[in-house]
Structures are given as structure tokens and as C-alpha cells.
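Remarks on the structure that follows.
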Amino acid sequence: MKKICLLAAVPALLFSFDVNFNKKFSKTLVQDTLTTNLSIVIKDDSEKKINKTLEKFNKKIKSYNKVEKDYGTLNIRPDYRTSNNVPKIIGYRGELRYKVSSTKASNINEFISQLIDLKKDRDTNIIINNLSWTVKEDKYIKAQEELRLTSIQWLSNYANELSNTLNKECKIKNISINTNSYRPIARMAYNSESSFSTKIAVPESNEEEVSITPSFTLECK
């Protein structure tokens, strides 16, 4: 009798299998924030003059409250020229950096215009790098979290449908979700050494896709 029970269990084991597959889940968000990396670069023979000028720009940047400012840094370092294998200080280079963003392009334009008005000589350059529309990081992360929940809910429903179709019990065995951190964005750059008006050309805002492609494993038996 024991032998008969053992043989009866073999077919059930043979027809137990895993289902492995990937599926993409995505949604689109409107790019609502204009962002740029701003640099104020000054070259001069006087370290004190550079520091004084950068502090003037820094005060203006901090006082302008229509844009968000992040990652502010100020650096002053000597410039060297080598003669007969001996380095000699020929001047100094100072740089003030900020990441600036706003939901209104007019605020960015006004902000840049006020900084240009502070520029008094050719040794001071205002550099606008990677001017681009983007989706705010917290909004982007929230969309990814919503997609994770959507994918889990979808898999649960799919497991039930597959169970009914195959007349088997299909359960979730594994879910692996890796988010894509690459975000292609159209960018523009400006430098005050190249003549441009105080009203800068702003790139168009587009939609940005947020997506995840999880790997699923279902066990059916």
C-alpha cells in the first residue's frame, strides 16, 4: 500500500514547474522644473579681490528667493606656471557653484539677469551649465514606488488567472525589481564670455517616462 502512494505522488512532482518572465511598467510625468548648474568664475592677481567679488555674488544668490538653491560651494586656488621646472604662482582662480531650480522659467531668467548686472569686468564669467527641464527627484521616486505596487498587484492577479487557465495552483515565488536611474534630458549651456542676452533661450518642457522592468517567478503545481 505504501508503494502505491509513492507512485501516485510522482506525476504531481513531474508537473510542478516555474514560470519566469519580465514585464515593463511605465508612466509619463510632465517635466515641471527648470534646473541649471551655475558657476561664477573669477581670475585675478589678488586672492582678496576674488574672495570679495565672490562674496558679493554669493550674497545676491542667497537673497534671491524665487529659485531653489542647492549644493553651494566656494573655492579659491592659485594658478601656476612652470618655468625651468619650478612652479610659480601667476594669479588665482575663484569659483562659486550652485544648483538652481524653479518651476517658472521667468524666475530663472530674472535671477540670471540680476547676476549679470553684478558682472563688472571681463575676468568674471557667469557659466550656465546643463539648463534643462526635469521632474523633481521626490516626484520621480514616488512614481517609481507607485509602479512597484502596480507590478505586485498585477502579478497577484496574473497568478490567479494562470491558476484558473492551467487548473493548477500558481503562487508568487520571487519578484526582483531593479529601477532604471538613467534619465535622458535635453540640455543647453551658456557662458558669459559668449555674448548672450540677459533673457536666455529656454529649452522646451517635455514628458519624461518613469519605468521599471521587474523579473517575476511563479511556481505552479
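The values are calculated or read from the model by the stated rules, or taken from the named source; none is laboratory data. For clarity, every value in this text was computed on a predicted model and none was experimentally measured. Virtual Cβ from ideal backbone geometry, glycine too; neighbours counted across all protein chains shown. These accessible areas exclude ligands, DNA and RNA; they are computed on the full protein's heavy atoms, side chains included. Shrake-Rupley method; radii C 1.70, N 1.55, O 1.52, S 1.80 Å.
Report, by residue number, each residue of the range 89-114 that is among the aliphatic types (A, V, I, L, M), part of a strand (DSSP E or B) and open to solvent by less than 10 Å² (accessible area, probe 1.4 Å).
Hits for the range 89-114 are Leu96, Val100.
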Cross-chain or 6+ apart pairs with Cβ under 8 Å, the range 145-171 first and under 22 Å from Val210 (Cβ atoms), then hydroxyl-bearing (Ser, Thr, Tyr) and surrounded by 11 or more Cβ atoms within 10 Å (Cβ to Cβ): Leu147/Ser26; Leu147/Ser211
When you look at Lys136, is it basic (Lys, Arg) and either touching a residue at least 40 places away in the same chain (Cβ under 8 Å) or not assigned by the TED database to the domain that holds Leu54 (or both), yes or no? yes
Just one of (1) surrounded by 12 or more Cβ atoms within 10 Å (Cβ to Cβ); (2) modelled with pLDDT under 95 trips up Ile152, so point out which. (2)
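Lys139: within 29 Å of Asn206 (Cα to Cα) and either in contact with a strand residue (DSSP E or B) (Cβ under 7 Å, 6 or more places away or on another chain) or at pLDDT below 95 (or both), yes or no?
On the way: within 29 Å of Asn206 (Cα to Cα): yes; either in contact with a strand residue (DSSP E or B) (Cβ under 7 Å, 6 or more places away or on another chain) or at pLDDT below 95 (or both): yes.
So Lys139 passes the test.
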Identify, by number, the condition in (1) assigned to a helix (DSSP H, G or I); (2) closer than 25 Å to Glu137 by Cβ that Asp117 doesn't meet. (2)
Going through the range 33-72 in order, the residues found to be part of a loop (DSSP other than H, G, I, E, B) and in contact with a helix residue (DSSP H, G or I) (Cβ under 7 Å, 6 or more places away or on another chain) are Tyr64, Lys66, Val67
Count, please, the residues in the range 69-88 that happen to be open to solvent by 90 Å² or more (accessible area, probe 1.4 Å) and within 24 Å of Ile116 (Cβ to Cβ). 2
